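The values are calculated or read from the model by the stated rules, or taken from the named source; none is laboratory data. Values in this document were obtained by computation on a predicted structure and should not be read as measured data. Using ideal geometry, Cβ is built from the backbone for each residue, glycine included, and neighbour counts are taken over all protein chains shown. These area figures cover heavy atoms from the full protein model, side chains too; ligands, DNA and RNA do not enter into them. Shrake-Rupley method; radii C 1.70, N 1.55, O 1.52, S 1.80 Å.
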Amino acid sequence: MFTNKLILNYRSANLSFKKFYTCIVERHEKVSLLPKGVDPRKYNLKSRHFQYKLVECTHIKKWGNIDVLLTEYVEGIGHKGEIVNVPRHTAYYDLLPARLAVYPTEEYLEMFSEERETLSTKAKVSPFAMKTKEELSKMVLDIPMNVNAEWTLVKDNIRIALRYKKIMCDNDSIDLDQDLDVTNKNWKEFNQEPFLVKIKINDYVSGDIIIYFYFD
């Protein structure tokens, strides 16, 4: 009796960890149709009729994207009242459970009609721009300078240092304060604490980079 109870407990524990998947298969050789009036129970299938090939596994199939209606502004995704196309994983695990988005039904479209009318005046920010801003904020940019020469920090110095980091930008994207005068005589004053330079990513987003000087 004790052994039987252990076996039953073991089986019930294993059943709780089982996962069920759906796979779509088709026969290698199709079964021919029976003549009308013939009892199908008398038709004997051959072994070749039980050979299948896998067509699709639904549990590994990519979910794809889905349209959702944002109920609040979500950074890098969209504004309140905007219909956005996002991956299903993002919608099901991030936006919908947090009530940041709903399905774009007629009822919700009418509820957010006022916000949707003002969307044309709001800036569109892509998630790639926000990711670029995040990466720039983590970066410490070392600017190489010659200790034996007189120099003044200009945009070209920052642009070349960014190129060493495999970041391509033009001088117009670098926001360097014109009143800021960094030379070979006073650079130590700026190296004692983080020295920030703003990089323009697009018309709406900019990122800050920490600047340090080092000498060859």
Mean ellipticity per residue at 222 nm, deg cm²/dmol - from DSSP H runs of n ≥ 4 across the chain, formula -39500 (n - 2.57): -7000 deg cm²/dmol
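Could you tell me which GluC sites (Glu not before Pro) in segment 39-94 are loop residues by DSSP with no more than 11 other beta carbons within 10 angstrom of their beta carbon? List each step's numbers first, then the result.
Details: sites: 56, 72, 75, 82; in loops: 72, 75, 82.
Listed in order of number, the matching sites are 75.
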Stokes-Einstein D for the chain, Kirkwood Rh over Cα pairs, 37 °C, 0.692 mPa s (µm²/s): 133
Charge dipole of the chain about the Cα centre (unit charges at C-beta), most positive-ward option of 151, 118, 63: 63
Positive-end residue, the chain charge dipole about Cα centroid, Cβ charges, pick of 127, 174, 31: 31
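Which entries in the list 131/185; 62/131; 19/131; 155/188; 80/155 go over 28 Å, if you measure between the two C-alpha atoms of each? Intermediate values should be presented prior to the final figure.
Values: 131/185 37 Å; 62/131 24 Å; 19/131 36 Å; 155/188 19 Å; 80/155 38 Å.
Where the Cα-Cα span goes over 28 Å, the pairs concerned are 131/185; 19/131; 80/155.
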Per-residue ³J(HN,Hα) for segment 48-58, Karplus 6.51 cos²θ - 1.76 cosθ + 1.60, θ = phi - 60°, Hz, x for Gly and Pro: 5, 6, 9, 9, 10, 10, 6, 9, 7, 10, 5
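Determine the shape class of segment 42-169: with a ≥ b ≥ c the square roots of the Cα gyration tensor eigenvalues, call it rounded for a/c under 1.5, and otherwise prolate if a/b is greater than b/c, oblate otherwise.
On the way: a/c = 4.79, a/b = 1.62, b/c = 2.95.
It is oblate, given that a/c is not under 1.5 and a/b is not larger than b/c.
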Chymotrypsin sites (Phe, Trp or Tyr not before Pro) lying in DSSP loop within segment 140-216, provided at most 16 other Cβ fall within 10 Å: 151, 204
Accessible surface, the chain, averaged per residue in Å² (probe 1.4 Å): 77
In segment 132-216, the GluC sites (Glu not before Pro) that fall in loop regions by DSSP, at most 14 other Cβ within 10 Å: 150
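Give me the percent relative contact order of segment 50-202, please, defined on Cα pairs under 8 angstrom at least 6 residues apart.
Numbers: 150 pairs, mean separation 26.1, N = 153.
About 17 percent, as a whole number.
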